[in-house]
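The values are calculated or read from the model by the stated rules, or taken from the named source; none is laboratory data. The structure presented is a predicted model; accordingly, all values stated were derived computationally and were not measured. Here the Cβ positions follow ideal geometry from the backbone for every residue, glycine too, while neighbour counts run over all protein chains shown.
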Amino acid sequence: MDRSRREGAGWPMIDTTVLTQLLNGIILGLIYGLMAIGLTMIWSITDLPDFSQGGIYIISAYVAYWSIVLLNIPYFFAIPTGAVMGILLSVFFERIVYKPLRASGLSCLLAAIALFFLLENVAIALWTPKAKIMSVPETEVSLNLFGIVTTYHRIIILIISVLLFILVHLFIKYTKMGMAIRAVSEDKEIAGLMGINTDKIYVVTWALGGALTSVAAILISPLYAVWPGMGDLPLLKALVVVILGGFGSIIGALIGGLILGVIETFGAVYVSAAYQHGFAFIILLLTLSLRPRGLFGKR
Amino acid sequence: MEGNYFKKFFYSKTVLSIIIILIILAALPLYASSYVVYVAALALLYAMIAAGYDVLCGYTGQLSFCQGAFYGIGAYCSAILTVNYGWSFWQAMPISVLFVGLVSAIIGYPALRLRGSYFAVTTFFLAHFVYLIFLNEISLTGGPLGFRGIRPPEPIGPLSFESMTNEYLLILFSFIVIFALLRKLVNSNIGFIFKSISQDDILAESIGINTAAYKLLSFVISAIVAGYAGVLFAHFFRLLHPTTFAWYLSEMIVIMTLVGGWEP
């Protein structure tokens, strides 16, 4: 009895710091999850981890930044502006680059990585390597929510990304196009024989991926900064989330993203801040050796 | 018959041109400035890594993006052993190469059992993870300040490696030996097994080849070559910095191999 009480005294209380970190982790996880949805769908359809989404992440953040600074567009209209840019780039790459290379998976992968580097260097050339601050004064107001100190912006990220998850889930689950996407990811030849226009499905999938990647980038950039190297880590982590969650699974992307985001945030606070970005690698190795098909994967 | 004759002629011409190139390279320190020697040494190291990478990527058909990481692990491992623990280069070199082989086996084992692009993603992340270690383990690697004070290899008998020329010749010699060994490897039975995996790994598995083991073997071989090049790099340039081994280097090695043209 006495012993347990002593242990209890040493145990950290669940105080508001932990809850604040939990919220931060969830928000980070939602961003990874958003980016992972597009990647997981592209990956399940074409067996291609589309690294070029990392480049789209950078370019659309810059486009949003530009439209805020140069055109004085409010932040909430900059989100769709950046998303349109993301869709255009993504579909353009699908049509011009991936379609001719589709026969060979290896060339597709190389081309995707080349595009990622190309876009990163385009960002350096156009906007210099200096980090820019995308400031949104209206939403960067501190907020005390039952002791959790946060900003309105984080709450907005939470709401928008949860809404997007629900919308994408409904789209994939219940619309005709969503069913067609799922059919193509099961087997593209048979889906083609059933009268599904697979080319159109590719375009829709890539457009969806580009849009979600851009929205994720624009949502997170007021919290960090806009700079040419901003796409590296989110891309890698979204790919880990795809593997963790399982191919082609929207729920998997959401749960995987949340797990990674929370582990990363708590790891940075309680284990080592220097290796914050290393935890994802350990999760990746554990997933590959223990459950290669991911948490919600079918195959 | 005529084809055979042509082949023989071509072969002898190839041999001749290789000998001429080697003489030009070996005599480089006699007529070129030290900067040119420096660049040539770097080029030879990269050529070594790219040749090793071709075994994995070209022959076995597994795309990986972490040769720069193995290069860095080899370099830092040898530097730490020689400077912090006072080992000689000739002791540290085999241990560093073995260590690189071990790391690559640990990483490759879970990743290579899977088909598709898992492997590429894992190696891509590995390159970044290794960079993070170089950057953050300041007590071990010096972190962003770099790792200084690396000595040139100890002399073997009368052969001293204090001068840049002799060390350049060591790199050239290593390149020739490693290149010859890799040629021998890819033309052996193991090389044919590698090629069969790259052409159709399901078919290769169905005729009784343990594809996972051979993929791992080629991964470890390519890593060991990169690690050895890293060891030479550390003792030739004598200053290591994490950004040298950032993931861009890995992409550059992929591009080098691609531009040179990969087998199959």
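Only one entry of B:Ile156, B:Ile138 meets the criterion of being aliphatic (A, V, I, L, M) and within 14 Å of another protein chain (Cβ to nearest Cβ), and that entry is B:Ile138. Restricting attention to the range A:266-275, does a residue exist that is surrounded by fewer than 24 Cβ atoms within 10 Å (Cβ to Cβ), of a type outside the set (A, V, I, L, M), away from every other protein chain (no Cβ under 14 Å) and over 17 Å from the mean Cα position of the chain (by Cα)? Yes, the range A:266-275 contains at least one residue that is surrounded by fewer than 24 Cβ atoms within 10 Å (Cβ to Cβ), of a type outside the set (A, V, I, L, M), away from every other protein chain (no Cβ under 14 Å) and over 17 Å from the mean Cα position of the chain (by Cα).
When each of A:Ile201, A:Ile190 is tested for being within 18 Å of A:Leu48 (Cα to Cα) and either surrounded by fewer than 24 Cβ atoms within 10 Å (Cβ to Cβ) or not hydroxyl-bearing (Ser, Thr, Tyr) (or both), the lone residue that passes is A:Ile201. Of all residues in the range B:240-259, none are farther than 30 Å from B:Glu137 by Cα and more than 14 Å from chain A (Cβ to nearest Cβ). Annotation note: of A:Gly229, A:Gly248, the sole residue that is more than 10 Å from chain B (Cβ to nearest Cβ), assigned to a helix (DSSP H, G or I) and not acidic (Asp, Glu) is A:Gly229.
Candidates are the residues of the range B:39-66 that are within 14 Å of chain A (Cβ to nearest Cβ) and within 13 Å of B:Met252 (Cα to Cα); the one that is surrounded by the most Cβ atoms within 10 Å (Cβ to Cβ) is B:Cys66.
In this structure, is A:Leu254 more than 10 Å from chain B (Cβ to nearest Cβ), closer than 23 Å to B:Val130 by Cβ, of a type outside the set (S, T, N, Q) and crowded, with 20+ Cβ neighbours inside 10 Å? Against the criterion (more than 10 Å from chain B (Cβ to nearest Cβ), closer than 23 Å to B:Val130 by Cβ, of a type outside the set (S, T, N, Q) and crowded, with 20+ Cβ neighbours inside 10 Å), A:Leu254 does not qualify.
Condition test on B:Ala120, is it surrounded by 16 or more Cβ atoms within 10 Å (Cβ to Cβ), modelled with pLDDT under 90 and under 19 Å from the mean Cα position of the chain (by Cα)?
Details: surrounded by 16 or more Cβ atoms within 10 Å (Cβ to Cβ): yes; modelled with pLDDT under 90: yes; under 19 Å from the mean Cα position of the chain (by Cα): yes.
Against the criterion (surrounded by 16 or more Cβ atoms within 10 Å (Cβ to Cβ), modelled with pLDDT under 90 and under 19 Å from the mean Cα position of the chain (by Cα)), B:Ala120 qualifies.
Going through (1) more than 14 Å from chain A (Cβ to nearest Cβ); (2) touching a Lys or Arg at 6+ places or on another chain (Cβ under 6 Å) one by one, B:Val36 falls short only on (2). The set of residues from the range A:141-155 being of a type in the set (Val, Ile, Thr), surrounded by 13 or more Cβ atoms within 10 Å (Cβ to Cβ), free of Cβ contacts under 8 Å to residues at least 40 places away in the same chain and touching a Ser or Thr at 6+ places or on another chain (Cβ under 7 Å) comprises just one member, A:Thr151. Just one of the listed residues (A:Ile201, A:Ile190, A:Ile181) is more than 28 Å from A:Gly29 (Cβ to Cβ), of a type outside the set (Lys, Arg), in a helix (DSSP H, G or I) and touching a residue at least 40 places away in the same chain (Cβ under 8 Å), namely A:Ile201.
All of (1) among the hydroxyl-bearing types (Ser, Thr, Tyr); (2) part of a helix (DSSP H, G or I); (3) within 14 Å of another protein chain (Cβ to nearest Cβ) hold for A:Thr213 with one exception: (3).
Among the residues of the range A:103-145, the ones that are within 14 Å of chain B (Cβ to nearest Cβ) and assigned to a loop (DSSP other than H, G, I, E, B) come to 2 in all. Within the range B:145-175, the set of residues being more than 17 Å from B:Phe233 (Cβ to Cβ) and out of contact with any helix residue (DSSP H, G or I) (no Cβ under 6 Å at 6 or more places or on another chain) comprises B:Leu145, B:Pro155, B:Ile156, B:Gly157, B:Pro158, B:Leu159, B:Ser160, B:Glu162, B:Ser163. Of everything in the range A:276-299 that is more than 9 Å from chain B (Cβ to nearest Cβ) and in contact with a Lys or Arg (Cβ under 7 Å, 6 or more places away or on another chain), the residue that is nearest to B:Glu137 (Cα to Cα) is A:Arg293.
Output yes when any residue across the range B:177-184 is outside any helix (DSSP H, G or I) and exposed (fewer than 15 other Cβ atoms within 10 Å of the Cβ), and no when none is. No, the range B:177-184 contains no residue that is outside any helix (DSSP H, G or I) and exposed (fewer than 15 other Cβ atoms within 10 Å of the Cβ). B:Leu112 fulfils the conditions (1) touching a residue at least 12 places away in the same chain (Cβ under 8 Å); (2) away from chain A (no Cβ under 14 Å); (3) surrounded by 15 or more Cβ atoms within 10 Å (Cβ to Cβ) except for a single criterion, (2).
Results for (1) at the interface with another protein chain (Cβ under 10 Å from one of its Cβ atoms); (2) not hydroxyl-bearing (Ser, Thr, Tyr), shown as yes or no for each residue.
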site	(1), (2)
B:Gly86	no, yes
B:Met93	no, yes
B:Ser104	no, no
B:Phe125	yes, yes
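If you check B:Thr165, B:Thr211, B:Thr141, which single one turns out to be in contact with a strand residue (DSSP E or B) (Cβ under 9 Å, 6 or more places away or on another chain) and not hydrophobic (A, V, I, L, M, F, W, C)?
B:Thr141
Between A:Leu170, A:Leu236, A:Leu219, the distinction of being part of a helix (DSSP H, G or I) and closer than 22 Å to A:Arg291 by Cα belongs to A:Leu236 only.
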